[in-house]
Amino acid sequence: MAERVLPEILAGPIVRRVEARTCSVWIALRDPSDAVKLTVWRGLQTAGAAGGQVASGNAPAGSATVATRQFGRKLHIALATIPFTAPLPPLEPGAVYAYDLQVGDQGLKQLGLLQDDPASQALALGYETDRLPTDDERIAAFDLMTRSAEALQRLKPQELRALLLKAEGHSYAEIGRITGWSYTGASSPTPSSWVGARWSRCS
């Protein structure tokens, strides 16, 4: 059986900690990297042509580079932390700060994370094309996660299993063969109608 090809980014990036004198962002990668760089700017920012650059040309508030640590054969995690120690000024409470996270020379834009992906229905990290994410996105992400969890809790066991199989990349026909269930619902099911679809075991 052919080995499943994992995406380059397994999880993240996720803002883990923001205080006046420190900022941390976490990411999980398929491959190791000795240069995962976090860069922070004040204010909303649009990604520039290259990783670690912004269209405004503004100087960053701070940056830090770390190497990944291996936790599995294809699981490498980096926690990049910027210490805002003197002479760098501290982060201001209530201010907006945007960030870019580079893996090698590829920033979030080059990694394809700053635009919507219709295939997976993943949204751009900054919720607008090429806009760098900010710490404020944690609030929207938490709300989305909460609503998604509530929707999953309402699914029947067979619907949940079908959803998980779909997330693994199986087609509707393959799911039917694997589970022995038949699909009833929209004639052309889409991800948005998937949760409302009905699956029943073939007699």
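The values are calculated or read from the model by the stated rules, or taken from the named source; none is laboratory data. Note that this is a predicted model, so its numbers are computed, not measured. Here the Cβ is made from the backbone with ideal geometry for all residues, glycine too, and neighbour counts use every protein chain on show.
Side notes on the structure shown:
- Residue tally, condition within 11 Å of Lys37 (Cβ to Cβ) and in contact with a Leu (Cβ under 9 Å, 6 or more places away or on another chain), over the stretch 63-92: 7
- In the stretch 105-137, the residue that is modelled with the lowest pLDDT out of those that are assigned to a loop (DSSP other than H, G, I, E, B) and of a type in the set (S, T, N, Q) is Ser120.
- Hits in the stretch 1-51 - residues which are under 30 Å from Ala167 (Cβ atoms), touching a residue at least 60 places away in the same chain (Cβ under 8 Å), exposed (fewer than 14 other Cβ atoms within 10 Å of the Cβ) and not aliphatic (A, V, I, L, M): Glu8, Arg17
- Meets criteria (more than 13 Å from Thr134 (Cβ to Cβ) and buried (at least 16 other Cβ atoms within 10 Å of the Cβ)) for Val54: no
- Pair list, Cβ under 6 Å, 6 or more apart: the stretch 153-174 residue over 23 Å from Leu10 (Cβ atoms), other residue assigned to a helix (DSSP H, G or I): Ala162/Ile175
- Every residue from the stretch 59-98 that is part of a strand (DSSP E or B) and of a type in the set (Ser, Thr, Tyr): Ser63, Thr65, Thr81, Tyr97
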